[in-house]
Amino acid sequence: MKKFREDFLWGGAISANQTEGAWNLDGKGVSVPDMCTNGSHEAPKRITTSFEPGTLYPSHEAVGFYHHYKKDIALMAEMGFKTLRLSIAWTRIFPTGMEAEPNEKGLDFYDKVFDECIKYGIEPLVTISHYEMPYALVEKCNGWEGRECIDYFVNYCKVIFERYKNKVKYWLTFNEINSGTARVGSLLSLGTVKGYNGPISEIPDNLQARFQALHHQFIASAKVIKIAHDSYPHFKMGNMIVFITMYPFTCNPDDIISTQQKMQIQNWFCSDVQVRGEYPSYMDRFFEENNINIKMEAGDEEVLKKGTVDFYTFSYYMTNCVSVDKNLPTSSGNIVGGIKNPYLEASDWGWQIDPKGLRYTLNEIYGRYQIPVMVVENGLGAYDEIDEDGMIQDYYRIDYLRTHIKEMYEAVQDGVDLMGYTPWGCIDLVSATSGEMAKRYGFIYVEKYDDGTGSLARRKKESFFWYKRVIASNGEKLN
Ligand code: BG6
């Protein structure tokens, strides 16, 4: 029987803009999430073109990781983390993205964070861009629609590669790059929201701009992967996909074809480019039918070919169904929703919980690419209560994680080469889509609330002690 690898990377995942706060300290510039207000499940968060007095911008303080990182990493070490997936805020290093010289104080902060990880034997796994592009680049060139972003990004990567070459080995270029295939990606990942002031749910859509912007991200990603492979051969470079597994609602062939098309465009397209080094042929028809004309420059195809990833990573929270019947009940989900699956329960936010879907997804991914795979986000966003003894009895979260780990184990038996597992929001953080604090994922509770108040004190949840046992047994003791 196969088991989890001996060097399995157990850990957790966070991002800079959702945890650090200190949004304008020590020379940091303004990023897209810094311009976003809080929201809720019912009322979506908004992006504003200038700061509104009296409005809460959750990333500005977030959960204070910038000041609490030593304590937080110590808690992660206590759980036995082998890795911490975290991101570098581009705007700490290049405040507008366009400076000639980096900001030394920003570089110094991540030196200290990585040193703290290394002190405990925690391997940093760094997302280079996690939904936090400099807002100045939105204003200058409509975010990634502007081809000049490629050079700015390459420059940023050259600086951080050289600076952290002895501290960081694992890198992911863009968080959930395929979120750009969905409308909400214009704000989250592409920054194609120049001049837009309003809710995240109502951003005017522009397919041409989105797919052109994605092309620029592909080129940027491939260029920096080539630089890494040429100059830092010990680096391992990965992609990162938000995998929204979709099942046909029925065996009606129309449902099957519709599912296949959605799987291609939303889930496979970006990784086909990043793993295989070329645009897949099924995109031609999609581009033609949607009047999308990708402007490629001479040499782009070569760049894509030479900048493929070493490993594949993805986030997995839920699954959805697809049907051609427009009258079926729908469910919400991460980045995109779909048709409700009558066999599944859903989280408080309506995301359908599907542990077996993770086994299925791992098999699909590994079967397609045969390169090492890692689950770099997974978890249950839920309301947590502190009881009279000061404890947070989050058995619902333990149950979610346990059932998913069991299915990962099945996938390993199925032959999938699984490198590691970093549940999302290992410490409570600001929700990316709604800006809430109430939607908590952590093993570590943070006293911070939706209205922006809270002492920022940390508490260990019940899941903290459970996950520590899981890691200590290399995934064998799940109870
Ligand atoms: C992923 C993102 O899409 O899902 C994270 O990479 C995000 O940044 C996570 O926080 C969970 O989504 P949400 O909306 O619950 O924060």
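Note down all Cβ pairs under 7 Å where the first residue falls in region 206-234 and is within 13 Å of residue 142 (Cα to Cα) and assigned to a helix (DSSP H, G or I), the second is among the basic types (Lys, Arg) and modelled with pLDDT of 95 or more, and they're at least six residues apart or on different chains. Close Cβ pairs (under 7 Å, with a partner that is among the basic types (Lys, Arg) and modelled with pLDDT of 95 or more) amount to 212/295; 216/147. When residue 367 is tested against (1) in contact (Cβ under 8 Å) with a residue 12 or more places away in the chain; (2) part of a helix (DSSP H, G or I); (3) closer than 26 Å to residue 311 by Cβ, only condition (1) is not met. Can you pull out the residues in region 204-242 that are over 25 Å from residue 420 (Cα atoms) and within 16 Å of the ligand (Cβ to nearest atom)? 217 - this is the single residue of region 204-242 that is over 25 Å from residue 420 (Cα atoms) and within 16 Å of the ligand (Cβ to nearest atom).
When residue 381 is tested against (1) within 16 Å of the ligand (Cβ to nearest atom); (2) small (Gly, Ala, Ser); (3) more than 19 Å from residue 349 (Cβ to Cβ), exactly one condition is not met: (3). Any residue at all in region 59-72 that is more than 26 Å from residue 165 (Cβ to Cβ), polar (S, T, N, Q) and under 23 Å from the mean Cα position of the chain (by Cα)? Scanning region 59-72 turns up at least one residue that is more than 26 Å from residue 165 (Cβ to Cβ), polar (S, T, N, Q) and under 23 Å from the mean Cα position of the chain (by Cα). Count of region 235-244 residues, restricted to those that are assigned to a strand (DSSP E or B) and crowded, with 20+ Cβ neighbours inside 10 Å, is 6. If you take the residues in region 434-450 that are within 18 Å of residue 81 (Cα to Cα), in contact (Cβ under 8 Å) with a residue 24 or more places away in the chain and not in a strand (DSSP E or B), which one is farthest from the ligand (Cβ to nearest atom)? In this case the residue turns out to be 443.
Every residue, every condition in (1) part of a loop (DSSP other than H, G, I, E, B); (2) crowded, with 18+ Cβ neighbours inside 10 Å; (3) basic (Lys, Arg), yes or no:
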position: 288; (1), (2), (3): no, no, no
position: 294; (1), (2), (3): yes, no, no
position: 327; (1), (2), (3): yes, no, no
position: 335; (1), (2), (3): yes, yes, no
position: 344; (1), (2), (3): yes, yes, no
position: 349; (1), (2), (3): yes, yes, no
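Checked against (1) within 11 Å of the ligand (Cβ to nearest atom); (2) free of Cβ contacts under 8 Å to residues at least 40 places away in the same chain; (3) among the small types (Gly, Ala, Ser), residue 431 passes all but condition (2).
Pairing residues of region 398-410 that are within 19 Å of residue 440 (Cα to Cα) with residues that are of a type outside the set (D, E, K, R) and not in a helix (DSSP H, G or I), at Cβ distances under 6 Å and at least 6 apart in sequence or on separate chains, gives 400/380; 402/478; 404/378.
Just a yes or no: is a residue in region 139-152 modelled with pLDDT of 95 or more, of a type in the set (Asp, Glu), in contact with a strand residue (DSSP E or B) (Cβ under 9 Å, 6 or more places away or on another chain) and not in a strand (DSSP E or B)? Walk me through it before giving the result.
Looking only at region 139-152, we keep the residues that are modelled with pLDDT of 95 or more, and these are 139-152.
Still in the list and also of a type in the set (Asp, Glu): 139, 145, 148, 151.
Still in the list and also in contact with a strand residue (DSSP E or B) (Cβ under 9 Å, 6 or more places away or on another chain): none.
No, there is no match, as no residue in region 139-152 is modelled with pLDDT of 95 or more, of a type in the set (Asp, Glu), in contact with a strand residue (DSSP E or B) (Cβ under 9 Å, 6 or more places away or on another chain) and not in a strand (DSSP E or B).
From the list 192, 181, 173, the one residue that fits, being within 15 Å of the ligand (Cβ to nearest atom), within 20 Å of residue 296 (Cα to Cα) and not basic (Lys, Arg), is 181. Restricting attention to region 433-469 and to residues that are crowded, with 24+ Cβ neighbours inside 10 Å and of a type in the set (Gly, Ala, Ser), the residue that is farthest from residue 122 (Cα to Cα) turns out to be 435.
With region 6-98 as the region, which helices (runs of 4 or more DSSP H) entirely inside it contain at least 1 residues that are aromatic (Phe, Trp, Tyr), within 16 Å of the ligand (Cβ to nearest atom) and in contact (Cβ under 8 Å) with a residue 60 or more places away in the chain?
65-79, 90-93
In the condition set (1) modelled with pLDDT of 95 or more; (2) part of a loop (DSSP other than H, G, I, E, B); (3) out of contact with any strand residue (DSSP E or B) (no Cβ under 7 Å at 6 or more places or on another chain), residue 186 is compliant with all but (2).
The values are calculated or read from the model by the stated rules, or taken from the named source; none is laboratory data. Bear in mind the structure is a predicted one, so any value in this text is a computation, not a measurement. Backbone-built Cβ (ideal geometry, glycine too); neighbour counts: all protein chains shown.
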